[in-house]
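Asks: Okay, here's the structure, questions in a sec.
The values are calculated or read from the model by the stated rules, or taken from the named source; none is laboratory data. Note that the coordinates shown come from a computational prediction; the quantities given were computed from them, not determined experimentally. A quick note on method: Cβ atoms are made from the backbone with ideal geometry, for glycine too, and the neighbour counts reach across all protein chains shown. Accessible surface is based on the protein model in full, side chains and every heavy atom, while ligands, DNA and RNA are left aside. Shrake-Rupley method; radii C 1.70, N 1.55, O 1.52, S 1.80 Å.
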Amino acid sequence: MSRVSAGPAGLGRGKAPAAPALPRLRAGMLFGAIGLAFALLAGRSLYLQVVNNDFLQERGAARYSRELELPAHRGRIVDRNGEVLAVSTPVKSLWAFPGQLEVDDRSLDALGRALDVRPTALRARLASADEFVYLARHVSPEVAERALALRIKGLNDETAFRRYYPGGEVTSHVLGFTGDRDAGQEGVELAQQAWLAGQPGSRRVIINRRGEVVEDVAAIRAPQEGRELALSLDTRLQYLAYRELKAAVEAHRAKAGGLVVVDVRTGEILALANWPSYNPNARDRTARDRMRNRALTDVFEPGSTLKPFTVAAALDAGAVRPDTLVATGGGALTIGPNTIHDAHPAGTLSVEQVIQKSSNVGVAKIALGLPAETMWRALADSGFGAAPRSGFPGEVAGRLRPAKSWKPIEQATISYGHGISVTLLQLARAYTVFATDGELKPVTLFRANGEVAGRRVVQPATARTMRRMLELATRPGGTAPRAQVAGYRVAGKTGTAHKLEGGGYTNKYVSSFVGLAPASDPRIVVAVMIDEPSAGQYYGGAVAAPVFSNVTGAALRTLGVPTDAPVDNVILPPDGAEVREET
């Protein structure tokens with residue numbers, strides 16, 4: 001009987017083979033890796049939630065919270081007497097996240113009617129925006145409430161401020177204006193941005209899925225209000241200056257004009273007017289040319305208003321005395337190939353008559369008797385060729401070429417205001433030398449506290465002598481009898497200069513007058529410039545001097561300055577009488 005082997009135990013009975021055992025090393029590695037992964041996840045979770053949770057908070061905050069700016073109230077601008085010149089009023093802006101704004105054609109039409117905006121314009125704003133859009137900016141609170149009453153989901157509002165200028169076009173060139181976020185763009189608003197603006201604050205809010213603010217979380221930073229700024233302007237004189245200047249420009253069909261009033265004791269600018277002007281409260285379609293502060297930024301040749309500085313330099317140098325005689329050669333002086341002419345030929349004139357009758361030949365001869373450097377120094381010391389530093393942005397320095405480049409004909413023409421360029425404010429400031437006892441006063445657009453010291457330019461006796469000569473110019477026989485003021489003695493000088501264009505002189509003129517009053521104890525300097533008068537008259541004595549008279553008389557009475565002459569002191573030439581003018 002044969003034997004059959006049964007093989008491994010159990011095979012013969014039909015059971016499956018047992019699974020091989022996992023190697024001990026491999027099992028340890030597997031379980032170790034799983035444990036390490038769990039440990040890393042737990043550590044990362046602990047790190048993000050406890051140690052450094054900024055990331056998760058930022059991601060969460062991005063979904064439900066927003067930081068909104070709290071605008072600071074911009075400081076007021078007031079005149080020297082506290083009258084408000086610029087103030088910020090609260091306005092509303094409506095905004096939305098386009099993806100969260102629930103609006104259909106019907107509600108968009110209603111929103112357009114509430115905002116007085118075409119629905120097509122609102123659609124264009126929404127279509128062009130990615131994450132944020134203003135649907136209306138700087139509207140009145142009443143308009144904003146009308147729009148919010150529509151209860152459009154996702155439409156939000158914020159409070160801002162808009163600048164308002166009570167004086168409108170009267171003070172626009174001095175104040176300038178603000179732009180987006182109530183930030184200064186021109187004038188004093190720009191120059192004093194840091195002082196006026198303050199610092200905006202912020203607050204954190206929670207929004208829902210439709211972008212609506214549902215809760216204030218915290219005030220992160222409180223806004224710091226801007227500070228009030230007091231200017232040197234006197235609103236009463238500013239309105240007066242603007243009115244008279246505008247009337248003169250329109251009457252003489254001129255291109256433009258400027259007027260400056262300076263307090264000679266403090267250097268404060270009491271009025272500064274320009275025409276044409278603009279309304280800063282509604283300037284959307286205003287040409288940039290109308291926004292220029294011409295009295296500080298536009299230069300012109302001063303003409304005969306510069307003659308007193310030439311004569312003062314000669315008096316200070318001892319080259320002449322008031323009674324020194326000057327032969328004017330019948331009103332013509334030839335220097336090389338060039339000839340200088342007087343508008344009214346005369347024979348021999350005293351130095352004071354040279355000023356009174358505004359003789360080009362006479363002042364040129366006086367100038368040629370001085371070293372060029374002496375004359376240049378007298379002009380430079382009077383502020384010509386340097387910016388006045390009044391505190392206004394963009395003011396210019398004019399042009400005064402170095403004396404070493406002067407030829408004799410140039411020295412002669414500069415002596416009567418040709419070949420040099422100035423601004424109206426420079427000219428007004430320079431005349432403080434004669435209004436004081438020879439001191440050039442600093443000028444400012446900001447309110448000062450009492451008198452300020454100036455810089456000595458000419459000797460006191462010279463300044464007083466020049467004041468007497470300038471008073472003769474406003475009396476009969478002078479070039480400016482129309483500058484006289486009832487009840488006050490005045491002193492000043494006319495100027496009439498051809499305009500320089502394209503490298504040559506044209507038949508267009510700049511007419512000017514600069515004067516001071518009362519002549520016995522000057523309180524103010526008033527400078528007037530009329531650009532391109534075209535109604536027939538163009539001499540400074542006929543165009544600018546009457547403006548000086550009107551403004552100066554009213555200004556002195558407004559300031560309460562005592563009279564220094566009889567009320568019937570004005571003596572005008574009879575009708576048809578010849579009035580001396582300068583060229």
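Asks: I'd like the full set of residues that are buried (at least 16 other Cβ atoms within 10 Å of the Cβ) and either aromatic (Phe, Trp, Tyr) or farther than 26 Å from Pro200 by Cβ (or both), limited to the stretch 127-160.
Replies: Arg146, Ile152
Asks: Let me ask something additional. Within the stretch 348-361, can one find any residue that is within 13 Å of Ala412 (Cβ to Cβ), in a loop (DSSP other than H, G, I, E, B) and open to solvent by 30 Å² or more (accessible area, probe 1.4 Å)?
Replies: Narrowing the stretch 348-361 to residues within 13 Å of Ala412 (Cβ to Cβ): 359-361.
Narrowing further to those that are in a loop (DSSP other than H, G, I, E, B): 359.
Among the residues that remain, those that are also open to solvent by 30 Å² or more (accessible area, probe 1.4 Å) are: none.
No - not one qualifying residue is present in the stretch 348-361.
Asks: Limited to the stretch 196-235, what total is found for residues that are touching a Gly at 6+ places or on another chain (Cβ under 6 Å), assigned to a loop (DSSP other than H, G, I, E, B) and modelled with pLDDT of 65 or more?
Replies: Summing the residues that are touching a Gly at 6+ places or on another chain (Cβ under 6 Å), assigned to a loop (DSSP other than H, G, I, E, B) and modelled with pLDDT of 65 or more in the stretch 196-235 gives 7.
Asks: Of the residues Arg292, Arg283, only one is touching a strand residue (DSSP E or B) at 6+ places or on another chain (Cβ under 9 Å), more than 25 Å from Ala491 (Cα to Cα), in contact (Cβ under 8 Å) with a residue 60 or more places away in the chain and open to solvent by 10 Å² or more (accessible area, probe 1.4 Å); which? Quick ask: steps written out before the conclusion?
Replies: On the way: Arg283 fails: touching a strand residue (DSSP E or B) at 6+ places or on another chain (Cβ under 9 Å).
The conditions single out Arg292.
Asks: Kindly indicate which of Thr436, Thr494 is under 29 Å from the mean Cα position of the chain (by Cα), among the polar types (S, T, N, Q), closer than 30 Å to Asp79 by Cα and at pLDDT 95 or above. Give the steps one after another, and end with the answer.
Replies: Details: Thr494 fails: closer than 30 Å to Asp79 by Cα.
The conditions single out Thr436.
Asks: Something else now. Pairs, please: C-beta under 8 Å, at least 6 apart or cross-chain, first residue free of Cβ contacts under 8 Å to residues at least 60 places away in the same chain and in the stretch 352-365, second of a type in the set (Lys, Arg) and in a helix (DSSP H, G or I)?
Replies: Sorted first by the residue in the stretch 352-365, then by its partner, the pairs are Val354/Lys307; Val363/Lys307.
Asks: How many residues are of a type in the set (Gly, Ala, Ser), without any contact (Cβ under 8 Å) to a residue 40 or more places away in the chain and assigned to a helix (DSSP H, G or I) if we restrict to the stretch 152-195? Give the derivation first.
Replies: Residues of the stretch 152-195 of a type in the set (Gly, Ala, Ser): 154, 160, 167-168, 172, 176, 179, 183-184, 187, 191, 194.
From the residues that got through so far, the ones that are without any contact (Cβ under 8 Å) to a residue 40 or more places away in the chain too are 179, 183-184, 194.
Subsequent filtering for residues that are assigned to a helix (DSSP H, G or I) retains 194.
Selection size over the stretch 152-195: 1.
Asks: Show me the strands (runs of 3 or more DSSP E) entirely contained within the stretch 467-545 in which 3 or more residues are farther than 21 Å from Leu572 by Cα, open to solvent by 10 Å² or more (accessible area, probe 1.4 Å) and without any contact (Cβ under 8 Å) to a residue 40 or more places away in the chain.
Replies: Values: elements: 491-501, 504-517, 524-531.
Per the criteria, 504-517.
Asks: With respect to Arg253, is the statement that it is modelled with pLDDT of 95 or more, open to solvent by 50 Å² or more (accessible area, probe 1.4 Å) and among the basic types (Lys, Arg) true?
Replies: Working: modelled with pLDDT of 95 or more: yes; open to solvent by 50 Å² or more (accessible area, probe 1.4 Å): yes; among the basic types (Lys, Arg): yes.
Yes.
Asks: Now a separate question. Cβ-Cβ below 9 Å, separation at least six or inter-chain, first residue in the stretch 377-400 and under 20 Å from Ala271 (Cα atoms) and assigned to a strand (DSSP E or B), second of a type in the set (A, V, I, L, M, F, W, C) and open to solvent by 30 Å² or more (accessible area, probe 1.4 Å): which pairs?
Replies: none
Asks: Report, ordered by the first and then the second residue, all pairs with beta carbons closer than 6 Å, sequence separation of six or more or different chains, a first member in the stretch 444-465 that is within 25 Å of Ala230 (Cα to Cα) and assigned to a loop (DSSP other than H, G, I, E, B), and a second member that is open to solvent by 40 Å² or more (accessible area, probe 1.4 Å) and not hydroxyl-bearing (Ser, Thr, Tyr).
Replies: As it stands, the answer is Arg447/Arg80; Glu451/Arg265; Gly454/Glu439, since those pairs meet every condition given.
Matching residues to (1) modelled with pLDDT of 95 or more; (2) among the hydrophobic types (A, V, I, L, M, F, W, C); (3) within 30 Å of Ile366 (Cβ to Cβ):
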position: Leu272; (1), (2), (3): yes, yes, no
position: Ser277; (1), (2), (3): yes, no, no
position: Arg283; (1), (2), (3): no, no, no
position: Arg288; (1), (2), (3): no, no, no
position: Phe300; (1), (2), (3): yes, yes, yes
position: Leu306; (1), (2), (3): yes, yes, yes
position: Ala312; (1), (2), (3): yes, yes, yes
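Asks: What are the pairs with Cβ atoms under 9 angstrom where one residue, in the stretch 317-339, is at positive phi and the other, located anywhere, is open to solvent by 60 Å² or more (accessible area, probe 1.4 Å)? Sequence gap at least six, or different chains.
Replies: Gly329/Pro345; Gly329/Lys365; Gly330/Pro345; Gly331/His341; Gly331/Pro345; Gly336/Lys407; Gly336/Pro408
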